[in-house]
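Below: one structure, written as C-alpha cells.
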Amino acid sequence: MSKLEGIYTARDLYEDVNDLYEGKTHKQYDVGYSCLDDIFHLVKPMFVVITGVPNSGKSSFTSDMAMQLAKIHNFKFMIYSPEHSLSMNLKRLIEKYCEKPFDAFFPNRLSYDEMIGALKFIQEHFYFIDMKEQTPDIKWILDKARVCKKEFDIDSIILDPYNEINPERGNISETEHISIVISDIKRFNRETNTITFLVAHPNKQIRDKETGLYKVNNLYDISGSSNFNNKADVGIIVNRNPQENNTEIHICKVRELDLMGKLGKCYMRWNDRTRCFHPLDSIMGRKHD
C-alpha cells in the first residue's frame, strides 16, 4: 500500500482485480423466475431500488424474490419493514415458503406441520429488526445490520419502505439527506459484500391514456430526490394492471449492463392460491388461475 493514506496504486489493487479477472467476485445470482432471469442479475455488493404505485404488490414481490434467493442460493436476510407488525411480516414469509395461504378462510390453507417446517427454514434465513415507540435512523438500522452480518453472515438487507427511516436531517435539505442515507447504505454494502433492497413510494403517478390506470414511469417519480435514480445500481418498477390481471416488472435502471442485467420488462401474475407472483408463461392454462 502507498505510504500516503487513502491513495492506492495498481500493485495495491492487484489481488482484487485478479479476483475479478478469475471470476471469483461479481458472481451473478438469478432470482428463480424464468422471465426475470433474462433481464435481471444480482451481484454483490449491490443497491436495488423498488417502487410502484400503492397496492401494486412491490412489497410482496420483494418478499417473493427474497424467499426465492433463500431457497435457491441459501441467502440470509435482515428485514426492516415496520408498516406491518413483525408477526405479519413472518406470516407473509411463511406463505411464500409454503406457497399456500395462511388464514383459515382459504380452502387450501397450509397445515400446522407445513407452518412449522416454514418456521424452521425462516429461522435460519431471515432476521427481523424494529425499534419500539420511535422510528430509527439509518445509523441504528445499519448498526443492527452489521451485527446480523457478524452473527449470522447475512447476504442482504430489505428496507421497506424508505419513508419509515427517521427523516430528521438538521439543517440540510431533503435531497442532501437522502443522498447521505443512500451513500451510507452503499458503503455498508461495499464493506460487507451485501445487497440492499430498498422499497420506496412514488410522489408522482401518471395516468395511462389507454387504460386509465396509474403507473410509475421511472425512479425520478420517487418521493424526495432524484438520488434514488442516480445512486441505484438497479431500479425496478412494479406496475399492476387489474384489468388484464397481470403485473409488469420493469427493469428501468441498470448501472452495469450485462453484469446486472439489461433494461426491459416481464409480466407476472398474483396467485391467491399460492400467495405468490408467478411468471405468466408458467401459469397459463392452470385451472385454478
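The values are calculated or read from the model by the stated rules, or taken from the named source; none is laboratory data. Everything numeric in this text was worked out from a predicted model, so none of it was measured. Here the Cβ positions follow ideal geometry from the backbone for every residue, glycine too, while neighbour counts run over all protein chains shown. Ligands, DNA and RNA are stripped out before the accessible areas are found, and what is left, the full protein with its side chains, is counted by its heavy atoms. Shrake-Rupley method; radii C 1.70, N 1.55, O 1.52, S 1.80 Å.
Numbers for the structure displayed
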item: Set of aspartates and glutamates with alpha-carbon distance to K186 below 17 Å, sequence-local pairs under 8 removed; result: D137, D143, D155, D160, E176, D233, E256
item: Isotropic mean projected area of the C-alpha convex hull, the range 165-289 (nm²); result: 10.2
item: Across the chain: Cys residues that no other cysteine approaches within a C-beta distance under 4.7 Å; result: C98, C148, C252, C276
item: Listed peptides 257-269, 56-68 by packing density, highest first (mean Cβ within 10 Å); result: 56-68, 257-269
item: Theoretical FRET efficiency, 1/(1+(r/R0)^6), r = Cβ-Cβ of D19 and R187, R0 30 Å, to 0.05; result: 0.90
item: Across K100/K253; K24/K100; K100/K231; K215/K262; K96/K215, pairs whose alpha-carbon gap is larger than 30 Å; result: K100/K253; K24/K100; K100/K231
item: Part-to-part distance (alpha-carbon centres) for the range 223-287 and the range 69-133, which is given in Å; result: 22
item: Whole-Hz couplings from phi, Karplus 6.51/-1.76/1.60, listed for the range 134-146; x for Gly and Pro; result: 7, 9, x, 8, 5, 4, 4, 5, 6, 4, 5, 5, 5
item: Integer Hz, Karplus 6.51/-1.76/1.60 couplings in order for the range 148-154, x for Gly and Pro; result: 5, 5, 5, 7, 10, 6, 5
item: Sparse-neighbourhood loop sites, GluC sites (Glu not before Pro) in the range 182-275 - DSSP loop, at most 16 other Cβ within 10 angstrom; result: E210, E244, E256
item: Accessible area, probe 1.4 Å, largest first, for residues R109, R11; result: R11, R109
item: Nearest-10 value in Å² for the accessible area of Y162, using the 1.4 Å probe; result: 30
